[in-house]
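Inspection log for the structure reproduced underneath, given as structure tokens.
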Amino acid sequence: MTATLTTLKGLKLEGLQKRFGDLHAVRDLSLEIRQGEFLTLLGPSGCGKTTLLRIIAGFELADGGRVLLGGKDLTGLPANVRPINTVFQSYALFPHLTVFDNVAFGLVSRRVAKLEIGRKVKEALEMLQLGAFATRHPHQLSGGQKQRVALARALVTEPQVLLLDEPMSALDAKLRTEVQLELRRLQKRLGTTFVLVTHDQDEAMTVSDRICVLQGGKIQQIGTPEQVYAKPCNRFVAEFLGAANLIPAKSLSPRGGGREVETPLGRLTLEDRSGWDHGTLAVRAENVLLCPTRPALNAVKAKVLERVYHGTHLEVLLEPLALESRPPGGEGTAGFTLKVRTAPSGPLEVGEEVWAQLPPHAIVPLREEG
Amino acid sequence: MTAVRGSRSRGVSPLTVWYGELTSRGRLSARGWLFAAPALLWLLLFLILPGLAVVVVSFMQRGQYGDIVWQGTLENYSRAAGNGIFGFSFDNLLALARSLWTAGLTTVLAIILAFPLAFFIASRPEKSRYLWLTLVILPFWTNLVIRAYAWMLLLSPDSPITRLASSLGLVEAGAALYPSAFAIQLGMLTTFLPFVVLPLYSSVERLDWSLVEAAQDLYASRTRTFFQAIVPQVLPGLTVSVILTFVPAMGMFVIPDLLGGGKFLLVGSLIQQAFGSSRDWPYGAALSLVLVLLTLIGLRIYRRYGKGVELV
């Protein structure tokens, strides 16, 4: 019952299509965003995420499909009647208006009573620690302050959905992390549905309830940050989020079944390969274990090619050595390397030979890309 | 080693070249004057000196044969205000009011016409934009007087335009649209439209459309979006348009004389008559200065008003 209600109140995209000439920016895309959810559209530039956001906002008309908010069809409605506000990448603050007037803009458009406007704007400015800047003009503000004004301006009208188009891209790295956490807290407090567009996977992980990975105008995977990171469904997702080793593999038993697969690294045992016969396996760099002695399962003997110290961790590039378990005629290991992320302890020299283990639970069989 | 480094280049490696002696502030400034000299000389010869001459002449008297009698007087200014030989007349003030009205109307109408045109051109593909801009400035390739005569023909009793107007009942059958106040207005409008379109276009071309989207996103109506997101952005271009149109329109005499048939006296015509047929240079100079002064005051007010204005 509750589930249907929140679904009904949320944002629903049905079979959206958008073409720009030869470019198919959004392909038959359907997505349900629950009310009060923080959803991130994650993907590289040109994946269609910004187009999707602009269709939701009403700046772009979809060639096909529908946009529903709380069961109401918004598809043909212009941006200025949709209860959806946007924080623009460039912030798009009105340069001729003060911070106060910028924040009041939406309320003035809606002809809210003057007293009410004053009260609400003041509240919004205080919420975002902008009280002292009310009389300033945008050009007198820093990047972070501008971003907060853009947020206040978009939130003061109490929209049902807030869209954020790469709002952190103009901030420096240190401020960005701070703002991400602040944004998440703000969203939880207000309970407004937030839809964020970004190409930054760390940002997506930090703020989102769910991440929707886009590529080629299609959803590749949608799920919580944990799901998307730990169980990437295809090669694109595995490579886009974090550092992953991609290993081509095929089943050993011709009838399927069994948990053994054949790879250039030798025979590997998976925890579960139900319904999977051949293709690519993904192993996160931080899940590869380095062992002093030969491990019992999924052992790979390798030479250290490169060693980069990162403070919090050590990044090691391994070149696997030929394994005795590799059957004759199998694919060679030539040119194949293994990325490993490990604790920065112990002497590990370039050229040293080590044992690595790919734990069965950390090997994720990938689907073919859709 | 220490000798090479000297006291000035603290810790700087001896390989670092020190340019300080070559480009001192004095030298830079001297070079600046050198480069600016041709322009300054031009301004001095063709603006400041003639301007001063006009000021001086405006306080002199007219001799019997149209020469200048070098005796100071304020009579020219008194006459410019309307005190003639036959007592006070409103003629000059009327001419001023007519000029203000004609120039103002020309500016406003040109702006109204130029907005859609500028947006149209700016929204064309880059290559065809230049074609459209060329079309806008094409009339400049013809002399103003010739264009005025062209309008005379177009507005004459037998022209298709006049016939259309009379068949619509706008004018009597057989009557001409020229000479008339309408013909003056039409002539002025076509003359000054390019001066409004070009600066406006340069602003529209650089328009930040994200502000337009932000306004729409924040529930603004079309009117509010236009005045809050577009007008403030094109205001610099619009200011140039207004100055380039209003100021010359105030002193225009060719179009009013030719298309008004001499029946509609504007300030420009008064000045032209004073210098021309009346051979009264001191009076003409006084009239010119009054016009310049009024224009400057007007621009000052526009700037003051334009800065603090809260649009809609």
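For this structure, a couple of remarks:
- Between the amide H of A:LEU196 and those of A:LEU39, A:THR40, A:LEU41, A:LEU164, distances stay under 5 Å, these residues lying 5 or more places away or on another chain, with hydrogens modeled in the peptide plane.
- For region A:282-289, backbone phi angles converted through the Karplus equation (6.51, -1.76, 1.60; θ = phi - 60°) give residue-by-residue couplings of 10, 9, 4, 4, 7, 8, 6, 9 Hz, Gly and Pro being listed as x.
- Shielding score for A:148-154, defined as the mean number of other chain Cβ atoms within 10 Å: 1
- Each semi-axis of the equivalent ellipsoid for region B:25-80 is √(5λ) with λ an eigenvalue of the Cα gyration tensor; in descending order they amount to 39, 11, 8 Å.
- Qualifying lysines (Cα of each under 19 Å from Cα of A:LYS72; at least 8 residues distant if same chain): A:LYS9, A:LYS12
- Within a Gaussian network of chain A (alpha carbon springs, distance under 10 Å), most fluctuating of A:PHE236, A:PHE133, A:PHE194: A:PHE133
- Alpha carbon convex hull of the protein assembly as shown, volume per residue in cubic angstrom: 320
- Cross-link partners of A:LYS303 among lysines, defined as those whose alpha carbon lies under 18 angstrom from its own and excluding same-chain residues fewer than eight positions apart: A:LYS339.
- Residue-averaged beta-carbon neighbours from other chains (10 angstrom radius) around B:206-216: 6
- Antiparallel beta bridges, as assigned by DSSP with both residues in chain A, represent about 75 percent of the total such bridges.
- Across peptide B:230-239, the average count of Cβ atoms from other chains found within 10 Å of a residue's Cβ is 1.
- Karplus-derived 3J(HN,Hα), 6.51/-1.76/1.60, for each residue of region B:178-192, Hz, glycine and proline x: 10, x, 6, 5, 4, 4, 4, 4, 4, x, 5, 4, 5, 5, 9
- Evaluated at q = 0.09, 0.15 Å⁻¹, the base-10 log of the normalised Debye intensity for chain A, with identical point scatterers placed on the Cα atoms, takes the values -0.64, -1.22.
- Per-residue Karplus couplings for region A:211-221, computed as 6.51 cos²θ - 1.76 cosθ + 1.60 with θ equal to phi - 60°, are listed in order as 10, 10, 8, 10, 7, x, x, 10, 6, 8, 7 Hz, Gly and Pro entered as x.
- MRE, 222 nm, helices only [DSSP H, n ≥ 4, -39500 (n - 2.57), over the protein assembly as shown, to nearest 500]: -13500 deg cm²/dmol
- According to the calculation over all Cα-Cα pairs in region B:97-308, the P(r) per 10 Å bin from zero is 8, 26, 31, 23, 11, 2, 0 %.
- Here, region A:136-193 yields an orientationally averaged convex hull projection of 4.2 nm² when only Cα atoms define the hull.
We did not get these values from a lab; they are worked out from the coordinates using the rules stated. Quick caveat, the model's predicted, so the values are computed rather than measured. Because the Cβ atoms are built from the backbone with ideal geometry, glycine has one as well, and the counts that use them run over all protein chains shown.
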